[in-house]
Amino acid sequence: MAEMHRHEIDEVTCREFVELVTDYWEGALSEDRIELVEEHLVMCDWCKTYLEQMEATVKALPEASEREPVPEETERILLSAFRAWKARR
Amino acid sequence: MSSAALPISLLPPAAAPIESRPGAEETRPLSPQELDESQLLTAIRGGDEAAFTELVGRYHGSLRRFARIFGASEAVAEEIVQETWLTALQKLDSFEGRSTLKAWLFGILRNHARRRSERERRTVPFSALATDGEAEGPVVDSLRFQGGGDNWPDHWSAPPRPWEDPERRLASLEAREQLSQAIARLPERQRAVVVMRDVEGLDSEKVCELLEISEGNQRVLLHRGRSGVRAALEGYMDG
């Protein structure tokens with residue numbers, strides 16, 4: 001979620017922190033905001049744990065990219081196209 | 001698109017037939033399964049049929065999952081993937097490697113999906129996908145934070161518990177099943193962005209271009225999707 005639109009805040013709460021993780025990683029926060037997020041992380045082990053869990057989640061997600069078998073029909077069509085392509089070169 | 005439209009296969013990836021005879025490594029030519037993307041491409045341009053088959057096999061799942069994002073049925077998804085490969089073959093010599101091959105293939109697929117949706121009004125543009133429950137409410141249950149009358153308003157009341165050895169545990173087959181189910185349960189647009197960014201590994205610029213959404217919108221969808229997957233894994237990891 002983008003900036004929380006709260007003015008004159010001088011801290012990030014845990015409730016806000018969990019909304020800011022991706023913006024923080026993607027460089028979408030202002031410098032002031034980054035500073036507050038990092039200050040919060042120094043003080044709050046719970047949010048540090050939360051951040052670690054988000055990291056572990058993002059790191060695990062490529063596991064869901066599985067190969068799928070190519071149907072015979074598709075393989076036949078593509079191989080014959082490949083042979084035609086090769087013959088034209 | 002129902003959540004069942006994105007079945008993520010749980011079969012292990014086809015194992016490369018690697019022989020482990022000591023001393024044979026230096027002389028044995030690499031099998032197509034062992035080649036990286038640019039080596040495969042070179043082999044294919046040289047007319048190597050096995051390399052082409054390997055490339056098709058390697059990206060078939062990714063391309064089908066991407067086609068399904070646009071609401072394509074299984075049969076239509078397969079046709080779009082075929083069209084994508086046929087176009088890719090025609091354009092192969094002009095591919096300059098400015099993006100990854102996967103991103104390039106996704107771009108071709110996107111164009112085929114778009115043309116098809118204009119022609120048949122069967123596939124659904126990304127912007128028309130359901131936005132139900134997509135960007136409302138907090139990403140972590142409100143009840144897990146202290147209320148206004150508590151000692152530390154807006155700080156955790158039910159904090160997350162550290163996961164032990166997450167890398168090893170999340171690599172298990174059981175965890176992968178949990179992961180796939182968590183992705184399948186996400187709202188459509190969140191699922192699309194999470195799949196493209198975190199599962200397929202495309203960069204944000206490419207994802208915005210392919211899905212025709214703004215950077216900000218993409219970040220919101222990505223964050224909500226990731227948060228949803230984390231929450232689902234939390235139950236498994238704490239259990």
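Which net charge results when you count Lys and Arg as +1 and Asp and Glu as -1 among the other residues whose beta-carbon is under 9 Å from that of residue B:78?
Values: positive: B:64; negative: A:73, B:74, B:79.
Result for the local shell: -2.
Summarise the long-distance tail of P(r) for region A:1-64 by giving the % of C-alpha pairs beyond 21 Å. The share of Cα pairs beyond 21 Å in region A:1-64 comes to 22 percent. Note on chain A: helix-only mean residue ellipticity at 222 nm, from DSSP H runs of 4+ residues weighted -39500 (n - 2.57) and normalised by residue number, equals -21000 deg cm²/dmol.
All other residues with a Cβ under 12 Å from the Cβ of residue A:26 taken together, and with Lys, Arg as +1 and Asp, Glu as -1, what is their net charge? Numbers along the way, then the final one.
Numbers: positive: B:197, B:219, B:226; negative: A:23, B:203, B:205, B:215.
Local net charge: -1.
Enclosing the Cα atoms of region B:163-239 in their convex hull gives a volume equal to 86 cubic angstrom per residue. Relative to the Cα centre, the charge distribution of region B:163-239, modelled as +1 at Lys and Arg Cβ and -1 at Asp and Glu Cβ, gives a dipole magnitude of about 200 debye. When each of B:183, B:108, A:77 is scored by the number of other beta-carbon atoms lying within 10 Å, the sequence from fewest to most is A:77, B:108, B:183.
Computed from the coordinates by the stated procedures, all read-outs in this text should not be read as laboratory data. All of these numbers come straight from a predicted model, not from anything done at the bench. For neighbour counting, all protein chains shown are included, and Cβ atoms are generated from backbone atoms with ideal geometry for every residue, glycine included.
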